[in-house]
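Everything below concerns the one structure shown next.
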Amino acid sequence: MQRTISQTPLRISLFGGSTDYPDYYLRRQGATLGMTIDKYIYVGLSPISPFFDHKIRISYSKIELVNSVDEIQHPSIKACLKYKNIDLPMDIHIIADLPAKTGLGSSSAFTVGFLNSLYAMQGIKISQQRLAEEACYIEQNVIQERVGSQDQFHAAFGGFNVFQFDASRMNARSIIISRSKKTILDNQLLMFYTGQTRFANEVLEEQLETTKKLENDTYLTRIYEMVFEAEDIISQSSDGEMLRLLGRLLDEGWNMKKKLSSKISNPVIDQYYDAALSSGAYGGKLCGAGGGGFLIFMVPKDSIEAVRNTLKNLLEVHFFMESQGSTIIYMKD
């Protein structure tokens, strides 16, 4: 087998989150707008020596030493290997720039990166669309996790995109943005770690139940509309107005999202959020399903230091937008 290493970006979802779940978009259209960032998950595959007692070694937050795919505990690795009917002796290494369960799409980024590495190991270059769709299938149908579909598409395509979902097709469209506006987002979209991690399944349970009962449709319709309003703001507003308008829309979106479930926010997160807005932030949100992870804020230049000082007890993570998506960065026989 070929030694391979894939590099797959994490993502920040700005608008439309929660409309990308099949429970919603299989009956009504869904859409999301977001970006991938220069924080990655790396998946390395290499042959394993026959001298060891185990056939498969997996290294992540724990070490698994097993002799068959059926013995693997990591759900995505097990599902991907079974899906591709691969049962070769191999060493699997996973390294992440940021912790899991923090709302940046790390689980789906891993599935996309692992699939990409498996295809590369076989000498196959897979399209971004197929890579994203297969990752969605594995997570939603094989593992049967409560996950949406935007994370897999962000990880596969990379960049600044609108993704649209319905019962027949999942489409990707790049957002046209000037260099000056990209610089504004790179420098004035701030991200802080709340120190709280969570299992998305637990946060989503209540939300998806109410979505199935059609109780969230009014909120989700508005969340869907915001995607296209944000796209218009990015393309039509002046550099000076873009961040303010996006920030206000982001604030509306966050307040709308909190109506979907009682588990999306909590008093500690609300306190941080309100303090940032009082210090001058235009608006923000909690990344991912909610319940913990990273808070992001759009902040005018003259308020950046005030917001940072207000949130000085939180770890700030600096990032830039990236545009490649999942990439094979190393391959050798």
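When the residues of region 81-119 are filtered to those that are of a type in the set (Phe, Trp, Tyr) and closer than 14 Å to Ile329 by Cα, the one that is surrounded by the most Cβ atoms within 10 Å (Cβ to Cβ) is Phe114.
If Tyr330 satisfies every condition in (1) crowded, with 22+ Cβ neighbours inside 10 Å; (2) within 25 Å of Tyr40 (Cα to Cα); (3) not aliphatic (A, V, I, L, M) but one, which is the exception? For Tyr330, the exception is condition (1).
Where strands (runs of 3 or more DSSP E) fall entirely within region 1-78, those with at least 1 residues that are closer than 21 Å to Lys332 by Cβ are at 3-15, 30-46, 56-59. Checked against (1) in contact with a Lys or Arg (Cβ under 9 Å, 6 or more places away or on another chain); (2) farther than 18 Å from Ser323 by Cα, Phe165 passes all but a single condition, namely (1). Tell me, please, whether a residue that is aromatic (Phe, Trp, Tyr), closer than 30 Å to Ala132 by Cβ, modelled with pLDDT of 95 or more and crowded, with 24+ Cβ neighbours inside 10 Å can be found in region 307-319. Among the residues of region 307-319, not one is aromatic (Phe, Trp, Tyr), closer than 30 Å to Ala132 by Cβ, modelled with pLDDT of 95 or more and crowded, with 24+ Cβ neighbours inside 10 Å, which makes the answer no. Looking across region 214-252, the residues that are of a type in the set (A, V, I, L, M, F, W, C) and in contact with a Leu (Cβ under 8 Å, 6 or more places away or on another chain) come down to Leu220, Met226, Val227, Ala230, Ile233, Ile234, Leu243, Leu246, Leu250.
The requirement of being modelled with pLDDT of 85 or more and more than 29 Å from Tyr272 (Cα to Cα) is fulfilled nowhere in region 194-215; no residue meets it.
Residues in region 56-66: is at least one at pLDDT 95 or above, more than 22 Å from Ala172 (Cβ to Cβ) and in contact with a Lys or Arg (Cβ under 6 Å, 6 or more places away or on another chain)? Yes, region 56-66 contains at least one residue that is at pLDDT 95 or above, more than 22 Å from Ala172 (Cβ to Cβ) and in contact with a Lys or Arg (Cβ under 6 Å, 6 or more places away or on another chain).
The values are calculated or read from the model by the stated rules, or taken from the named source; none is laboratory data. Treat the numbers as computed from the prediction; the structure is a model and nothing was measured. Glycine gets a Cβ as well: all are built from the backbone with ideal geometry, and neighbour counts include every protein chain shown.
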